[in-house]
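The values are calculated or read from the model by the stated rules, or taken from the named source; none is laboratory data. For clarity, every value in this text was computed on a predicted model and none was experimentally measured. With ideal geometry, Cβ positions are generated from the backbone for all residues, glycine too; neighbour counts draw on all protein chains shown. What goes into the accessible areas is simple: the full protein's heavy atoms, side chains included, and nothing from ligands, DNA or RNA. Shrake-Rupley method; radii C 1.70, N 1.55, O 1.52, S 1.80 Å.
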Amino acid sequence: MSDKAILEINGSKHEFPLVRGTENETAINIKTLRSDTGGITTIDPGYKNTGACESSITFLDGEKGILRYRGYSIEELAEKADFLEVVYLLIFGNLPTQEQLDKFHTDIKAKSIVDDDVKKILDAFPKTAHPMGVLSSLTSALTAFNPTSVNVDSEEDMYNTVVKILGKFPVLVAWTMRKKQGLPLDYGDNSLGYVENVLKMMFRKPNEEYVQNEILVNALDKLLILHADHEQNCSTSTVRIVGSSHAGLFASLSAGISALWGPLHGGANQAVLEMLEAIKADDGDTKKYMAKAKDKNDSFRLMGFGHRVYKNFDPRARIIKKAADEVLGDLGVEDPILDIAKGLEKEALEDQYFVDRKLYPNVDFYSGIIYRAMGIPTEMFTVMFALGRLPGWIAQWREMRLRKEPIGRPRQMYIGETLREFKSINKR
Ligand code: ACO
C-alpha cells in the first residue's frame, strides 16, 4: 500500500502522508491541509470519518466486534479481572502486581472523604432532580473544595488527582441516589473492596446491618468493567476537548457526565427500560414498536439498538445478555421485561430494515435489566454507567495532557448571511 494520499483540487495536487496504527488502521494525516491548500477545510458532521487523536488505551473494530483495553480482550477481562485491576490497567497501561493494586486501593480509600459541605449543595436540589444533573454538578463542585490545579508535569500530582476522584466519585454516586430516596448521607467502609463499598454506600439502611450479596458484587463488577472505556465516544471526546483547554480533571469529568446523559449515548440504558415498560403496558405488542422504529415519519428509535462503530455486534451486549440470564436466575427474579427484550431482539435481528442498516443490540440493551434486578432505580442507570466509565475518562484525559495535545477547536463551513448593513430599529 502507498504511504501517501493525493488530493487534486482545481488541477493542483497535494500530498498527505498515510499513518498506520499498531492494528494496521490507516488514516490520512491532514495536519497541513489548510496551509497547503490556502485555507480549505474538511466537513464531517458527527466526526464519522475524523480521528481526533492518537491513543494507546482502547482498540475496537466495529466490523469484527472486537473490543480491547490496552491489548486485553473485553471477554477475558470481564471473566478474569476485577474492576479495580481494570481501572489501573486503563489509567497506567499495564495490569498491576498485587503490591501495586494494594497500594492503589489504599491510596483511593485515603482520599475518599467528600467535604461535608458538599451535602449542603446536594440539599439545594429538589428530590425530583435527575441524578445525572446532580452528579455532574457535584463533580464540578469538587473543584471548589480542591482548588489547586493539577501540575501535569508532576507524576505525583497526577497520581494524587486520579486517586482523589476515584475515591470521592462513588460517594457522590451513592449520595445522589440516597438523596432521592430520603436516606441519610454517609461515608464508605474502608474495610471493603471498591465495588462492595459502592453497594454498601448505596443500599445501607440506617436501621439494619448491610449484608453483602456476592451475586450483586460480581454482577456490578462485570458491568463496570464492560463500561470502563470505549475510545473516542461522545462523552470521552467531551472530556478530552474540555481538558484540552487545560480545565481541570473534575471540570472535564463533569462535562463528560452531561454528554453521557443524553438518550443517544449513556442515557439509552434508562430509555431502554422505559421503552420495554411501555411495550409491556401495551400488551407486549413488540410489532407495533418495531413498526414505529422503521417509520421515517416517527421520531421513535428502538433504544439499545445501533451503534456508531459496531456494525456487526457489540461484544459487550453478548456478555451482558448472558449475565442478565445468570443474575436473574441466581437472584430468583422472574422479570417479564427480560422476555420482551429477548423477543424484540429476535424480531429486530430478523427484520430487513435492521439487517440492512446493520443495527444490533448495544451494551445498553440488557444492562438496565440487570440494574433493575439489583434494586437500582431506573433513573440511576446512567449514573451507574458514569461510575463504570470514570476510569476511561480519567485515562483519556491523562493521555491527552501527557501527550501535550493542542486545544480542541474544530473549523466550520459558514452558511449564514454575507455582510449586511445595520438598520436602526425604526427602519426595520
Ligand atoms: N432504531 C431505528 N432506526 C435506527 C436506529 C434505531 N435504534 N439506529 C439507527 N437507525 C437508522 C437511522 O434512522 C438511519 O436510517 P436511514 O439510513 O434510513 O436514515 C440508519 O439507521 C443509520 O443511523 P444513524 O443515526 O445515521 O447512525 P449513527 O451512527 O449516527 O447513530 C446511534 C448511532 C446514535 C447509536 C443510533 O443507532 C441510535 O440512535 N440508537 C438508539 C440509541 C442508543 O441505543 N444509544 C446507545 C448507543 S451505545 C452507547 O452510547 C453506550
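Tabulated values for the structure
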quantity	calculated
Selection within region 294-319 - farther than 21 Å from Ser367 by Cα and in contact (Cβ under 8 Å) with a residue 24 or more places away in the chain	Lys294
Selection from region 166-200 of residues that are under 20 Å from Tyr371 (Cβ atoms) and hydroxyl-bearing (Ser, Thr, Tyr)	Thr176, Tyr194
Residues satisfying the stated conditions in region 254-266, i.e. near the ligand (Cβ under 9 Å from one of its atoms), open to solvent by less than 30 Å² (accessible area, probe 1.4 Å) and farther than 19 Å from Pro170 by Cβ	Gly262
Number of positions in region 302-349 that are closer than 24 Å to Leu264 by Cβ, of a type in the set (Val, Ile, Thr) and not in a helix (DSSP H, G or I)	1
Residue within region 392-399 that is open to solvent by 10 Å² or more (accessible area, probe 1.4 Å) and either assigned to a loop (DSSP other than H, G, I, E, B) or of a type in the set (S, T, N, Q) (or both) present	no
Test result for Phe92, under 22 Å from Tyr194 (Cα atoms) and open to solvent by 30 Å² or more (accessible area, probe 1.4 Å)	yes
Conditions (1) surrounded by fewer than 15 Cβ atoms within 10 Å (Cβ to Cβ); (2) among the basic types (Lys, Arg); (3) farther than 30 Å from Tyr414 by Cα; number of the one not met by Lys48	(3)
Residue match in region 281-293 (condition: touching an Asp or Glu at 6+ places or on another chain (Cβ under 7 Å), within 10 Å of the ligand (Cβ to nearest atom) and assigned to a helix (DSSP H, G or I))	yes
From Lys200, Lys205, Lys168, residue being under 17 Å from Ser112 (Cα atoms), surrounded by fewer than 22 Cβ atoms within 10 Å (Cβ to Cβ) and basic (Lys, Arg)	Lys200
Within region 354-379, tally of residues that are farther than 16 Å from Asp325 by Cα and within 7 Å of the ligand (Cβ to nearest atom)	3
Long-range neighbours under 7 Å by Cβ, at least six apart or interchain, first residue assigned to a loop (DSSP other than H, G, I, E, B) within region 406-424, second of a type outside the set (S, T, N, Q) and open to solvent by 100 Å² or more (accessible area, probe 1.4 Å)	Met413/Ile43
Subset of region 140-172 [among the hydrophobic types (A, V, I, L, M, F, W, C) and touching a Gly at 6+ places or on another chain (Cβ under 7 Å)]	Val150, Val171
Every pair of residues 6+ apart whose Cβ atoms lie under 6 Å, when the first sits in region 363-385 and is within 12 Å of Ile337 (Cβ to Cβ) and in a helix (DSSP H, G or I) while the second is open to solvent by 10 Å² or more (accessible area, probe 1.4 Å) and not aliphatic (A, V, I, L, M)	Tyr366/Lys321; Thr378/Gln270
Failed condition for Asn269, given (1) open to solvent by 20 Å² or more (accessible area, probe 1.4 Å); (2) polar (S, T, N, Q); (3) within 13 Å of the ligand (Cβ to nearest atom); (4) in contact (Cβ under 8 Å) with a residue 60 or more places away in the chain	(1)
Residue match in region 39-55 (condition: on the phi > 0 side of the Ramachandran plot and assigned to a loop (DSSP other than H, G, I, E, B))	yes
Tabulated pairs, region 233-247, first free of Cβ contacts under 8 Å to residues at least 60 places away in the same chain and open to solvent by 40 Å² or more (accessible area, probe 1.4 Å), second assigned to a loop (DSSP other than H, G, I, E, B) and within 16 Å of the ligand (Cβ to nearest atom), C-beta under 6 angstrom, 6+ apart or interchain	Cys234/His265
Scan of region 69-80 for residues that are of a type outside the set (Ser, Thr, Tyr), surrounded by fewer than 19 Cβ atoms within 10 Å (Cβ to Cβ) and closer than 17 Å to His227 by Cβ, ordered by number	Glu75, Glu76, Glu79
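Conditions tested, residue by residue: (1) farther than 17 Å from Leu276 by Cβ; (2) open to solvent by 20 Å² or more (accessible area, probe 1.4 Å); (3) of a type in the set (Phe, Trp, Tyr).
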site	(1), (2), (3)
Phe305	no, yes, yes
Ile320	no, no, no
Asp330	yes, yes, no
Val333	no, yes, no
Lys358	yes, yes, no
Arg372	no, yes, no
